[in-house]
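In what follows, a structure is listed as structure tokens, so that the remarks can point back to it.
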Amino acid sequence: MAAIQIYVSRKNFDTQKAERFFKERRVSVQVMDLKKHRLGERELQAFARGAGSLQALIDREDKRVKEHPAAYYDRDSLLAPAILENPWLLRSPIVRCGSRVAVGNCPEEWEKMLAE
């Protein structure tokens with residue numbers, strides 16, 4: 001089985017649910033705090049492919065994100081540098097297993113990751 005990585009931009013209930021989900025199934029995970037671990041361009045593109053687009057990665061419900069101009073960008077070429085500079089724009093958690101990516105609270109997707 002490929003390693004499970006949980007990318008976290010902030011601690012929230014969805015992040016705690018993801019950590020608990022894998023802990024209950026005795027699956028070791030690597031938690032990547034995006035405040036300490038700088039996200040690379042290739043990682044961001046892998047997330048975008050897994051989520052469908054860079055737009056799907058943005059946490060549009062967060063008040064702080066709504067105040068940032070990047071929340072209103074419609075082109076990925078503008079959005080990518082903003083996300084790399086401000087990882088707190090991302091929805092949390094982003095769970096990655098190989099090339100599979102699940103954004104937010106997605107227990108069904110996490111189950112599929114474990115099944116493969």
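What full-extension length gain, to one decimal in nm, is calculated for Ser99 and Leu84 as 0.36 nm per residue of separation minus the Cα-Cα distance?
Residue separation times 0.36 nm, minus the Cα-Cα distance, leaves 3.4 nm.
Multiplying the sequence separation of Asp76 and Gln30 by 0.36 nm and subtracting their Cα-Cα distance, what value in nm do you get? Intermediate values should be presented prior to the final figure.
Values: separation 46, 0.36 × 46 = 16.56 nm, distance 2.77 nm.
Between Asp76 and Gln30, full extension yields an extra 13.8 nm.
Modelled this way, with points 7 Å down the Cα-to-C-beta line, the labels at Gln45 and Asn12 are 2.7 nm from one another. When the helices of the chain are scored as -39500 (n - 2.57) per DSSP H run of n ≥ 4 and the total is divided over every residue, the value at 222 nm lands at -11500 deg cm²/dmol. Applying D = kT/(6 pi eta Rh) to the chain, where Rh is the Kirkwood radius over alpha-carbon pairs, T corresponds to 20 °C and eta to 1.002 mPa s, the Stokes-Einstein value obtained is 150 µm²/s.
Restricting to bridges with both residues inside the chain, how much of the DSSP beta-bridge set is antiparallel, in percent to the nearest 5? Could the numbers behind the result be given before it?
Numbers: 9 of 14 bridges.
Approximately 65 percent, going by the DSSP bridge assignments.
In this structure, the amide hydrogen of Asp62, modeled 1.01 Å from its nitrogen in the peptide plane, lies closer than 5 angstrom to no residue at least 5 positions away or on a different chain.
Every number here is computed from the coordinates shown, using simple stated rules; none is lab data. The structure presented is a predicted model; accordingly, all values stated were derived computationally and were not measured. Neighbour counts run over all protein chains shown; Cβ positions are idealised from the backbone, glycine included.
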